[in-house]
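The structure appears below as structure tokens.
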Amino acid sequence: MTGKVHVIGGGLAGSEAAWQLAQGGVPAVLHEMRPMRPTEAHKTGAFAELVCSNSFRSDDWETNAVGLLHEEMRRASSLVMAAADANKLPAGAALAVDREGFAALITRTLETHPLIEIAREEIAKLPPAEWDSVIVATGPLTSPALADAIKGLTGEAELAFFDAIAPIVHAETIDMSVCWRQSRYDKAGPGGGGADYINCPLDKSQYEAFIAALLAAEKTVFKDFETTPYFEGCLPVEVMAERGPHTLRFGPMKPVGLSNPHRPGVKPYAVVQLRQDNALGTLWNMVGFQTKLKHGEQARVFRTIPGLGHAEFARLGGLHRNTFLNSPKLLDTGLRLKAQPRLRFAGQITGVEGYVESAAIGLIAGRFAAAERRGRILSPPPPTTAFGALLNHITGGHLIHDAATGPRSFQPMNVNFGLFPPMAEPSPSREKGPRQQKGLARKRALSLRALADLERWLAEPASVAAA
Ligand SMILES: Cc1cc2nc3c(=O)[nH]c(=O)nc-3n(C[C@H](O)[C@H](O)[C@H](O)COP(=O)(O)OP(=O)(O)OC[C@H]3O[C@@H](n4cnc5c(N)ncnc54)[C@H](O)[C@@H]3O)c2cc1C
């Protein structure tokens with residue numbers, strides 16, 4: 001393979017991917033439709049425009065997963081992180097940036113790079129066949145024409161246009177002295193074992209108090225471009241509650257086919273079920289609990305559910321416009337579309353969430369494509385790193401529920417320690433001590449392991465591709 005790599009979309013992921021290609025000595029063409037063709041959220045023609053908040057969240061690499069991701073990106077010569085650091089604003093432990101300075105620095109750097117060519121145009125159909133290496137990084141607001149073309153390639157059901165996300169809970173924070181493992185009627189189902197769900201029981205007064213709290217809680221308002229009728233299959237939980245006091249008890253909270261071993265003989269009045277969300281078994285999603293409640297309200301109201309009093313949420317629920325692939329099914333570990341490997345995907349369209357995560361996947365895609373252009377294969381970052389944990393969420397870690405096993409359930413995710421394999425050796429978190437201190441020690445141990453493994457990956461020469 002020779003020649004240029006085409007990057008479609010000059011957002012967080014595409015800008016980083018083009019930079020990584022150029023740093024690897026590979027020429028890139030960056031195609032961006034703005035400013036001629038705007039999106040519903042972007043306001044400028046600058047690359048890497050931040051469409052909403054100006055925060056990259058915590059910058060603490062020792063005890064925060066997104067802070068660790070910052071550090072990994074810095075060590076991998078990220079342009080996005082260099083521009084963020086150069087435009088840092090005072091924000092306590094968070095990394096907040098001057099958005100104009102940040103985007104201007106990235107735009108200037110890419111526009112003046114000798115190996116990067118800029119094409120201000122919308123790519124409105126599948127890239128021409130002669131583009132033999134393409135990175136599609138068109139984000140949550142991918143233009144409708146291109147989204148249609150991608151849908152034609154992947155199939156209708158494999159490209160989503162909305163997140164309908166139920167909260168995801170760290171397994172270790174669920175109180176199993178209250179909850180229990182059981183599938184309804186102990187049914188094993190395909191690939192199941194008859195005890196696949198974690199069940200949280202509510203009695204009548206707990207249920208009534210929960211419904212009242214749900215109805216009174218503050219909701220977020222849809223943005224104009226997000227006003228879309230709800231699909232009956234994924235109504236927000238609070239909308240179901242508005243339909244009547246028993247709607248949830250006959251819907252996702254129905255107590256049938258379940259018996260509580262902690263209180264034999266006492267039938268729960270309602271049950272909240274959680275289903276395993278990642279292959280590691282460290283994350284569990286609340287079944288049927290997609291919601292538009294404000295984040296603080298979600299944590300407050302959902303912690304009133306018995307067994308979730310100390311729940312820590314890997315992500316809270318939401319419902320918003322977002323174009324993303326069913327990546328665990330469609331992409332290989334090199335982020336290439338299995339059906340057409342010349343097309344590689346990066347950024348939020350792959351099923352990560354947030355500025356930093358999207359840029360990180362752009363970084364990895366750029367490095368993969370650069371190695372491939374030089375006839376080499378770059379191994380994926382180790383799953384113990386934040387890079388690898390995110391990549392694994394996209395391409396491998398999620399349990400796929402398809403036609404055979406149930407509805408598609410892959411949803412975008414921010415980086416979090418629940419995506420990392422637990423420490424093989426007993427970690428300091430097993431030591432006796434206050435709960436919070438143990439949690440911090442565990443995170444420090446995971447972060448130190450991640451950075452050591454990252455250094456090994458960065459030092460690894462890409463292997464020569466098999467003929
Ligand atoms: C309304 C809204 C608010 C958000 N708020 C936050 C927040 O506060 N914090 C946070 O971390 N994340 C937020 N996000 C998510 C964040 O925007 C994304 O995580 C991040 O921007 C994704 O990076 P990306 O490179 O994948 O996509 P983007 O940054 O969106 O970049 C995609 C680029 O592709 C271009 N493009 C699209 N289609 C085509 C085409 N056919 N041809 C050529 N170019 C094309 C677009 O113009 C855009 O420049 C928000 C998203 C939305 C929609």
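With K and R counted +1 and D and E -1, the other residues having a Cβ less than 13 Å from that of Lys204 yield a net charge of 0.
Fraction of C-alpha pairs exceeding 19 angstrom in the range 157-209: 55 percent, rounded to a whole number. Summing Lys and Arg as +1 and Asp and Glu as -1 over all other residues whose Cβ lies under 13 Å from the Cβ of Glu357 gives a net charge of -1.
How big is D for the chain, in µm² s⁻¹ as a whole number, if Stokes-Einstein is applied with the Kirkwood radius of its Cα pairs at 10 °C and 1.306 mPa s? Once the numbers are plugged in, D ends up at 68 µm²/s. The three principal axes of the Cα atoms in the range 10-141 give end-to-end lengths of 47, 33, 25 Å, sorted in falling order. Rounded to the nearest 20, the size of the Cβ-charge dipole of the chain about its Cα centre is 840 debye, with Lys and Arg at +1 and Asp and Glu at -1. Normalised per residue, the accessible area of the chain is 42 Å², obtained with a 1.4 Å probe and no contribution from ligands, DNA or RNA. Listed here are the pairs Lys88/Lys125; Lys294/Lys443; Lys204/Lys438; which of them are more than 31 Å apart at the Cα? Cα-Cα > 31 Å for Lys88/Lys125; Lys204/Lys438; rest within.
Pull up the cross-link candidates among the lysines for Lys329, meaning alpha carbon to alpha carbon under 21 Å and not fewer than 8 places away within one chain. List returned: Lys151, Lys338. Out of every Cα-Cα pair in the range 308-354, what percent are more than 13 Å apart? Cα-Cα pairs in the range 308-354 separated by more than 13 Å: 64 percent. The angle between the Cα long axis of helix 204-216 and the longest principal axis of the Cα atoms of the chain comes to about 40 degrees, rounded to the nearest 10. Bridgeable aspartates and glutamates around Lys254 (alpha carbons under 20 Å apart, same-chain partners fewer than 8 residues away excluded): Asp186, Asp196, Asp203, Glu208, Glu232, Glu238, Glu242. At a 1.4 Å probe radius, carbon and sulfur cover how many percent of the accessible area of the range 1-147? The C+S portion of the solvent-accessible surface of the range 1-147 is 56 percent. Measure nothing but the geometry: give the 0 to 90° angle between the long axis through the Cα atoms of 99-111 and the longest principal axis through the Cα atoms of the chain, rounded to 10°. Result, in degrees: 40. Toward the positive end of the charge dipole of the range 1-141, with +1 on the Cβ of Lys and Arg and -1 on the Cβ of Asp and Glu, the farthest Cα among Met33, Gly10, Ala94 is that of Met33. To the nearest 10 degrees, how steep is helix 435-459 against the longest Cα principal axis of the chain, on a 0 to 90 scale? The answer is roughly 30 degrees.
The values are calculated or read from the model by the stated rules, or taken from the named source; none is laboratory data. Only a predicted model underlies this, so the values are computations on that prediction, with no experimental measurement involved. Don't worry about glycine lacking a Cβ; one is built from the backbone with ideal geometry, like all the others, and counts go over all protein chains shown. Ligands, DNA and RNA are stripped out before the accessible areas are found, and what is left, the full protein with its side chains, is counted by its heavy atoms. Shrake-Rupley method; radii C 1.70, N 1.55, O 1.52, S 1.80 Å.
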